[in-house]
Amino acid sequence: MRLMTRRSTKGVFTALLLVMMLLLTAVPAFALDAPTSSTPFSTPSEVTSITIGGKAVVYEADDNGSAKFIRAVLNPGSTEYDLKHATVVVNLVNSGTAVSSSTPGLTFSGSGTTTRTATNVDLVNKAYNVTIGSNTYILAAGLPDGSVGIAVGDPLAVGVTFSGQSAAANVYGFNEQNPYMGNPYYTDGWTFVNYFIKDALSSTPADRSDVAGTVTTSATIAGDATQISGSSYSFDLSQAVPSITASAGGDVRLYRLFVSDPATVEVDYLFDFTELGEDIYNEDFPYYEGNGPELRAKADQILTAINEYTGGQPITVASGTTVMDVLLDFTDWANGDNPLSIDYFPYPTINSGTYLSRLNGLGEFDGGSLSGWMYTDVPYTLNCSVPWVGAADYALTADGTITWFYTTDYFNHF
């Protein structure tokens, strides 16, 4: 019996998502290899300095094309809202130098002076062509790696307090920043901020699918929170990774809820594809030859999905939830049953509820006659052992780790 069901929100934000994807980057993508390094170049001769959001820029050329980039990582403490409403200042040697952009959303004022300013520039995974004098550059920016605050004036900010708690839940963001900001290779962006609502309830709720609380926000709330009246809400915390969305002015933000109580456990729920590396056991894998890139592509899609599902955090589940319960919930989520209705798995999944045969098209025997899915309750190693119990019968009763891995040789794990 499944212990977790996710309330379907398919289609709610589909139109908004399509618009966001179309606007994700203002620089058109074309066939490129991924960049592997950047080389600094000298400050343009027409320029004395450039700042983005008050931070001095760097001038770089990547090794996968001829474009030159003007980049900045905003100062520590900057928020996504700051990046979305940034000010770009170009200080020139000569007031007669022309500064312009052919990309909508970036317009400079101050013509005829040595200082040109563009305000309210949206630099969240958006890049802009900027021409200074006779040379054109790509301008982009990001945020520091690690914790990201939420600006007081951010229309997508939320405050959550669960009933019976003496303080509000911790609401925060965490950023993973790709240094190749604006590079056309990265059509899905380069700044990845995940938002979390985290709390530890002092007592065990009678029903984790109906936990009372309040939400303070100017945004519209949807997902695993149902408005009762005013700021009073009921939260469904029964899934492995419940979440809510805040929407305002055409923007949508996903907040994952990690709310524990005395009857829950926290588990690192992971996937590992080490064995899809060529000849990892110094063996001959005839199935791998020619199929490796396709198998790795499917594996990468699974890794993307699990990272989006958990946000890189341990999941919180009721004690007694099984390893398979979580996998089934994750599969539903990855197949589009998530607040933004994104389908992360283009290939089929075959799971009887007691045995995982195929996940996103990656299945048994694809990597050889002894290949397929296994799980372990420790971090993966080449010779890790698997529990002598099926995933549908393995109950999670203590904090720990679960790692699903794709093996090319079952015998290495018994």
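The values are calculated or read from the model by the stated rules, or taken from the named source; none is laboratory data. Everything numeric in this text was worked out from a predicted model, so none of it was measured. Quick reminder, even Gly has a Cβ in these numbers, built from the backbone with ideal geometry, and neighbours come from all protein chains shown. All accessible areas refer to the heavy atoms of the entire protein, side chains included, with ligands and DNA or RNA removed. Shrake-Rupley method; radii C 1.70, N 1.55, O 1.52, S 1.80 Å.
Only one residue of Leu396, Ser109, Trp333 has its Cα farthest out toward the positive end of the dipole of the chain, where Lys and Arg carry +1 and Asp and Glu -1 on Cβ, and that residue is Ser109. Surface composition of the chain: carbon plus sulfur atoms hold 54% of the accessible area, using a 1.4 angstrom probe and ignoring ligands, DNA and RNA.
Just round it to a whole percent: the fraction of Cα-Cα distances in the chain exceeding 40 Å.
Beyond 40 Å sits 28 percent of the P(r) for the chain.
In a simple Cβ point-charge model (Lys, Arg +1; Asp, Glu -1; nothing else charged), the chain has a dipole of about 1700 debye relative to its Cα centre.
Fully extending the segment from Thr39 to Gln165, taken as 0.36 nm per residue of separation minus the present Cα-Cα distance, adds 40.2 nm. Each residue, Ser369 and Glu294, gets one label point 7 Å from its Cα in the Cβ direction; the gap between the two is 2.1 nm. Each residue of region 376-388 is assigned a 3J(HN,Hα), and the resulting list reads 9, 9, 9, x, 5, 9, 4, 10, 5, 9, 9, x, 8 Hz, derived from the Karplus form 6.51 cos²θ - 1.76 cosθ + 1.60 (θ = phi - 60°), x at Gly and Pro. Descending by average beta-carbon neighbour count within 10 Å, the peptides 382-391, 304-313 line up as 304-313, 382-391, the highest first.
Beta bridges assigned by DSSP with both partners in the chain are antiparallel in approximately 80 percent of cases.
Within the shell of other residues whose beta carbon sits under 14 angstrom from the beta carbon of Leu143, the net charge comes to -2, with Lys and Arg scored +1 and Asp and Glu -1.
Computed from label points 7 Å out along Cα-Cβ, the spacing between Ser203 and Asp145 is 4.4 nm. Estimated from helical segments only, the mean residue ellipticity of the chain at 222 nm is -3500 deg cm²/dmol, where each DSSP H run of four or more residues counts as -39500 (n - 2.57). Excluding residues on the same chain fewer than 8 positions from Lys84, give the lysines whose Cα lies under 21 Å from its Cα. Reachable lysines: Lys55, Lys126. For the pair Thr87 and Asp399, the difference between a 0.36 nm per residue extended length and the Cα-Cα distance amounts to 107.8 nm.
Whole-Hz Karplus values for region 104-118 come out as x, x, 9, 10, 9, 9, x, 4, x, 10, 8, 10, 10, 10, 10 Hz, taken residue by residue from phi with 6.51 cos²θ - 1.76 cosθ + 1.60 and θ = phi - 60°; glycine and proline positions read x. Close amide H partners of Asp399, meaning residues 5 or more places away or on another chain with modelled amide H under 5 Å apart, are Glu266. Summarising the label geometry, the points placed 7 Å from Cα in the beta-carbon direction at Gln227 and Thr117 lie 3.8 nm from one another. Straightening the chain between Phe414 and Ser357 buys 18.6 nm, computed as 0.36 nm per residue apart minus the Cα-Cα spacing. Given the options Gly292, Val47, Ala167, identify the residue whose Cα lies farthest towards the positive end of the charge dipole of the chain (+1 on Cβ of Lys, Arg; -1 on Cβ of Asp, Glu). The Cα lying farthest towards the positive end belongs to Val47. Largest GNM mean-square fluctuation among Pro379, Pro314, Pro346, using the chain with Cα springs under 10 Å: Pro346. Using only side-chain charges placed at the Cβ, +1 for Lys and Arg and -1 for Asp and Glu, the dipole size of region 264-412 relative to its Cα centre rounds to 220 debye. Using the 1.4 Å probe convention, the accessible area of region 264-412 works out to 41 Å² per residue with neighbouring protein chains retained. When all alpha carbon pairs of region 35-144 are counted in 10 Å bins from zero, the resulting P(r) reads 15, 50, 32, 4 %. Taking amide H as placed 1.01 Å from N in the peptide plane, the amide H of Val47 sits under 5 Å from that of Val93, each at least 5 places away or on another chain. Computed on region 147-260, with alpha-carbon pairs under 8 angstrom and 6+ residues apart, the relative contact order is 28 percent. Bridgeable aspartates and glutamates around Lys68 (alpha carbons under 18 Å apart, same-chain partners fewer than 8 residues away excluded): Asp33, Glu46, Glu60. Taking a ≥ b ≥ c as the square roots of the Cα gyration tensor eigenvalues, with a/c under 1.5 meaning rounded and otherwise prolate when a/b beats b/c, else oblate, which class fits region 264-412? Oblate shape, in that a/c is at least 1.5 and b/c is the bigger or equal ratio. Rounded to the nearest Hz, the phi-derived 3J(HN,Hα) couplings of region 235-248 under the Karplus curve 6.51 cos²θ - 1.76 cosθ + 1.60 (θ = phi - 60°) are 9, 9, 9, 7, 7, 5, 9, x, 7, 10, 10, 10, 10, 6, where x marks glycine and proline.
Around the amide H of Asp261, modelled in the peptide plane, lie the amide H atoms of Leu201, all under 5 Å away and 5 or more residues distant in sequence or on another chain.
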